[in-house]
Amino acid sequence: MPHPPLNYCSNCGAKLTRRVPTGESLTRHVCDNCNTIHYRNPLMVVGTVPVWQDRVLLCRRAIEPRYGLWTLPAGFMENDETTGQAALRETLEEAGAAVELQEPFTLISVPRVNQVHLFYRARLRSIEFKPGEETLEVALVDEAGIPWRDIAFRTVAFTLKRWFEDRSRGNYQFHAADLE
């Protein structure tokens, strides 16, 4: 999904041009007035695979896109935040759940929407959780209860499949993928 064009410099307000800046190899939005290069890079979506015993905590979305479908707690990373902090914050915001963060589990590039998704393994600190503002309901689900047809995003389905495969092998590994 291409970005809409930028028209004016956020630094000085002058009109921007599109060109390859000196020392660069890609076309960028450049301000010829103050020499600011405006980079447009992918967004980071960060979340967790929160687990209690053999069950995974899922959230049913209360917002678009994919209203009413199931997902892992995740969202856009904020400035001045580490990926771990973002994962903890999003899990608390969306699922009302406190987790013990473990290692990064999946890293998935989604160039079609200019995003990179990172999911951490996580242990629920307790079974106290509740839907946040962007969530209709939250549920602990075992493998047989995963609503595969109603999973909101391919990155979440990929992550859940890898988690259950790794659990059955008794060995969790890091998984990276590119979803076209």
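Laboratory data are not the source of any read-out in this text; all were calculated from the coordinates shown. All figures in this text were calculated on a predicted structure; none of them were measured in a lab. We place every Cβ from the backbone using ideal geometry, glycine too, and count neighbours over all the protein chains shown.
See the values below:
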{"quantity": "Condition met for residue 116 (of a type in the set (A, V, I, L, M) and in contact with a helix residue (DSSP H, G or I) (Cβ under 6 Å, 6 or more places away or on another chain))", "calculated": "no"}
{"quantity": "Filter result for residue 107 (touching a residue at least 12 places away in the same chain (Cβ under 8 Å), crowded, with 19+ Cβ neighbours inside 10 Å, of a type in the set (A, V, I, L, M) and closer than 21 Å to residue 163 by Cα)", "calculated": "no"}
{"quantity": "Segments classed as strands (runs of 3 or more DSSP E), wholly inside segment 98-180, with at least 1 members that are basic (Lys, Arg)", "calculated": "115-124"}
{"quantity": "Test: residue 112 is surrounded by 13 or more Cβ atoms within 10 Å (Cβ to Cβ), among the charged types (D, E, K, R) and either closer than 17 Å to residue 74 by Cβ or in contact (Cβ under 8 Å) with a residue 12 or more places away in the chain (or both)", "calculated": "no"}
{"quantity": "Residue check, residue 86 among the small types (Gly, Ala, Ser) and under 12 Å from the mean Cα position of the chain (by Cα)", "calculated": "yes"}
{"quantity": "For residue 134: the one exception among (1) out of contact with any Ser or Thr (no Cβ under 7 Å at 6 or more places or on another chain); (2) within 15 Å of residue 44 (Cβ to Cβ)", "calculated": "(2)"}
{"quantity": "Residues that are over 24 Å from residue 168 (Cα atoms) and surrounded by 13 or more Cβ atoms within 10 Å (Cβ to Cβ), drawn from segment 118-136", "calculated": "129, 131, 132, 134, 135, 136"}
